[in-house]
Amino acid sequence: MLNQVTIAGQKGNAMNKIDKQSYRADQFESAKGGTAVDVLKNLPSVAVNGEGQISVRGSTGFLVLVNGKPVLTDAQAVLSQLPANSLENIELITSPSAKYDPDGKAGIINIVTKKGANDGFTIAANAQAGLPSTTTYNNEEQPKRFGGDITLNYLKDKWDISVGANYLRNDNAGYREGDVFTKNFSNQTITRFPSNGERSFDKYNYATRLSALYTADKSNSFSIGFFSGKRYQARLADLLYKNTTSNLSTGNLMSSTTYFNSNLQTKEGNFTLGNFDYTHTFSNKSSLTASVLYENANLFGNTKNLNLNYPNIGDTIQYVYNPYKNPVNGYRFKLDYAINIGKGKLESGYQFRYDTQDGQFDYFVTPAISQPDAARFSGSAKAKNQINAVYTQYSAKYNKLEYIGGLRYEYASRTVNLSYDPIPHKLSLSNLFPSLSLMYNISDDLKAKAGYSRRIQRTNNYELNPIPEREHSETLEQGDPDLLPSFVDLSELGIIKTFKKGSFFTTLYYQHIKNPIQRVNSVYADTILNRVFTNAKRAYTLGIEAGTNLQLVKWWSLYLGANVYNYKIDGDLNILGSNSIISNDEWVYSINGNTNFKLNPTWSLQGNLNYLSQRPTVQGDDSRFLIPNASLKKTFMDGRFSATLQWQNIDLGMKQTNRQRITTSGRDFYTTTNYIYETDVFLLNFSFNLNKLTGKSKLPASEFGDKEF
């Protein structure tokens, strides 16, 4: 019923609706063989930094949907398990209506996967192989890169069945340069501990997915889904530290030592889930849909931190071992009713969400040391979250005006039980989440839109866990069981212009954030910083995004997106009981570009660029981040088979690409770390399609467990 604006170009690369922007996934050749993250980072207002953290309009919190179904887990973890080759479209829902979960301060990303378009059997298969690394940074091991995925679909009569499987090994070489100092005002000392060395990743994931839709008759349909997958990551940091302690007043050297730190952190997760949906359509064309989902995620891992003498690294100074187990169980029940009233549609529903996490964390130090707070480094942390929600919304079109207005009410409760604390940490919240979206058709080729919605950025159990983990030699990490969720008011105003060879859009947006969740540093000991989660008082974002999609000539297309915003954070900051007043204010911008040259009917060349400028954090800033890519594609057999050569993270020895410096400081510390990631990576991708896949395939994805991974 509500119109959409399709952007001109090959196969309709993008389109705008009243509440969202939709982008065709396969237009980005550099993402082939990768994951959904590799597609997403090319979209306007989306940026991915050196740590792989995804932000939309400068905010890192957003909700992920897979084919319209909520995935409450961490966006980066979910998207990294979805193969890019299986995606049809990615939708950015920047002004979500009341029927959507209010989670995510930046809005919603909906992933639409492929399915068979024709009756009968459809198959799509892809394989990837990485060429030898051009930059290894003298790492202990050579990175391994290979993978593949396959999707089978059977569409006949009343049945629509999809089966998918994927495996991806994607290691990364890397290097780290760091410099830290802490001040001890009681002892009048300053301790410096610069370091440098290897920082590399071994990563793989694999999964199988199944979905089956049975349309019994025109009034009843049933669907089931099953997902089983594994994700593994090992981060190795082999660093040489040169520690010195000097008098704070005179600068005279008091002591010095050099040691080698080998730090290996592994994280693993086994995910299993099942879902069942039923839809009944009544004689008056109204519909009732019931959905049930259950997930189990077995999460576990450890950190091994080994300090060794140097140059005789056979002598151990200290060995710290932090193993953990953190299983998750989650449930969701949803009931939705929709009926046409007048020229519009009224939708109402109820949703129940419940998840539990039972974490066990251990801490072993060799040789044993006298540590007064050692008991707090081991124990259990059990979390329980429960949410009941109801909503109603109405959407319609009146002459040239389209609108969606609604209201959602939620009652949420959270309980965290700690083994060393007899008093449970409880939080109960009762909130309303209004939303309104408008689109006015000024003319056939010019439209204006506006939107408002209230959102919430909920805490995850990792942020709530106060049991410290020895992340590496110089850092502890811990959460806060009393951490508050963030509440966000989102407003936007934009225009969409289409013309013969493409289109242009621009949107002005504003975010007001209450209780923004921050990860900050404080001093734990002279050579150890404590990285903790806490709430700031407020933050603001005012920005403008713009994008254009042009078919300049028959053989050359161009897509360009940009986002510019001012981010300000201020107010009281409580760090482990110590209060301080903070204020940081800075302009940030990002640019994503993609250009495609059709050399002839079977050859194409593509280049793309992702750039994120320096951006502020609560205690410092992150430097700019640059990623250029290129790809060359050849198709065979009328497009059914293709081979693609990818050149990722193009640097050519200039030392400008795929590196980022993160700096924070306080009254008694300063830390800066330059993370240098692998550049000039070459990959070969091969794709085969028997009856091309299009449309939407409702293959399930992890619902609860990825968030905690």
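Every number in this text was worked out from the coordinates using simple rules, so none of it is lab data. Quantities reported herein were computed from a predicted structural model and do not represent experimental measurements. In this analysis, Cβ positions are derived from the backbone assuming ideal geometry, glycine residues included, and neighbour counts consider all displayed protein chains.
General observations
- Highest average first, the peptides 50-56, 462-468 ordered by how many other beta carbon atoms sit within 10 Å of their residues are 462-468, 50-56.
- Positive dipole terminus of segment 141-235, leading residue within Pro194, Asn170, Tyr206 (C-beta point charges): Pro194
- Multiplying the residue separation of Glu141 and Ile341 by 0.36 nm and removing their Cα-Cα distance gives an extension gain of 65.6 nm.
- Local electrostatic count at Pro102 - Lys and Arg +1, Asp and Glu -1, tallied over other residues with Cβ under 10 Å: +2
- Label-reachable residues, segment 617-655, where backbone N falls under 16 Å from a point 7 Å from Ala129's Cα toward its Cβ: 642-646
- Protection proxy ranking for 273-280, 314-321, 559-566, 13-20, using the average of other Cβ atoms within 10 Å per residue and placing the highest first: 13-20, 559-566, 273-280, 314-321.
- Ordering Thr617, Asn441, Leu476 by Cα displacement along the dipole of the chain toward the positive end leaves Asn441 in first place; charges were set at the Cβ atoms of Lys, Arg (+1) and Asp, Glu (-1).
- Förster-model FRET efficiency, 22 Å R0, Lys325 and Leu264, C-beta, rounded to 0.05: 0.80
- For the chain, the fraction of alpha-carbon pairs in successive 10 Å shells from zero, as %: 3, 14, 24, 28, 19, 9, 3, 1, 0
- Reported to the nearest whole Å, the Cα centre-to-centre distance from segment 365-433 to segment 39-53 is 26.
- Counting every other Cβ atom within 10 Å of each residue's Cβ, Glu410, Glu268 order from fewest to most as Glu268, Glu410.
- Candidate cross-link partners of Lys382 among the aspartates and glutamates, defined by an alpha-carbon separation under 15 Å and a same-chain spacing of 8 or more, comprise Asp355, Asp358, Asp362, Asp421, Glu463, Asp480, Asp482, Glu708.
- Ignoring lysines fewer than eight residues from Lys655 along the same chain, the ones with Cα atoms less than 26 angstrom from its Cα are Lys32, Lys41, Lys144, Lys203, Lys242.
- Lys pairs under 16 Å by Cα in segment 248-355, provided they are eight or more residues apart or on distinct chains: 5
- Annotation for Ile442 and Asp638: the two label points, set 7 Å from Cα along the Cα-Cβ direction, are 4.5 nm apart.
- Helix-only [θ]222 nm of the chain, DSSP H runs n ≥ 4, -39500 (n - 2.57) each, per residue, nearest 500: -500 deg cm²/dmol
- With R₀ fixed at 22 Å, the C-beta to C-beta distance from Asn309 to Thr244 puts the FRET efficiency at about 0.85.
- Unit charges at the beta carbon, dipole of segment 293-374: most positive-side option, Asn307, Asn326, Gly344: Gly344
- Neighbour-count order for Ile341, Ile93, Ile575, fewest beta carbons within 10 angstrom listed first: Ile341, Ile575, Ile93
- Here the Debye sum runs over all C-alpha atoms of segment 175-275 as equal scatterers in vacuum, and log10 of I(q)/I(0) at q = 0.12, 0.14, 0.17 Å⁻¹ comes out as -0.65, -0.74, -0.87.
- Relative to the Cα centre, the charge distribution of the chain, modelled as +1 at Lys and Arg Cβ and -1 at Asp and Glu Cβ, gives a dipole magnitude of about 2140 debye.
- Spin-label proximity, Lys568 to segment 508-552 - amide N less than 11 Å from point 7 Å beyond Cα toward beta carbon: 539-542
- Counting neighbouring Cβ atoms within 10 Å and putting the fewest first, the residues Met439, Met637, Met254 line up as Met637, Met254, Met439.
- In this rough spin-label picture, where each label sits 7 Å from Cα along the Cβ direction, the Phe499-Met254 distance is 6.8 nm.
- Cut-off 19 Å, label 7 Å out along Cα→Cβ of Ala375, residues of segment 425-466 by amide N: 425, 466
- Against the rule of thumb 2.2 N^0.38 Å, how large the Cα Rg of segment 595-662 comes out: 1.56
- Residue-span extension gain [Asn584 to Asp421] - 0.36 nm each, minus C-alpha spacing: 55.1 nm
- Cα Rg, Dmax, segment 514-595, angstrom units: 20.1, 64
- Calculated from backbone phi, Karplus (6.51, -1.76, 1.60) coupling profile of segment 511-517 in Hz, x at Gly/Pro: 10, 10, 10, 9, 6, x, 7
- Size descriptor, Kirkwood hydrodynamic radius, that averages inverse alpha-carbon separations across segment 240-376, Å: 21.0 Å
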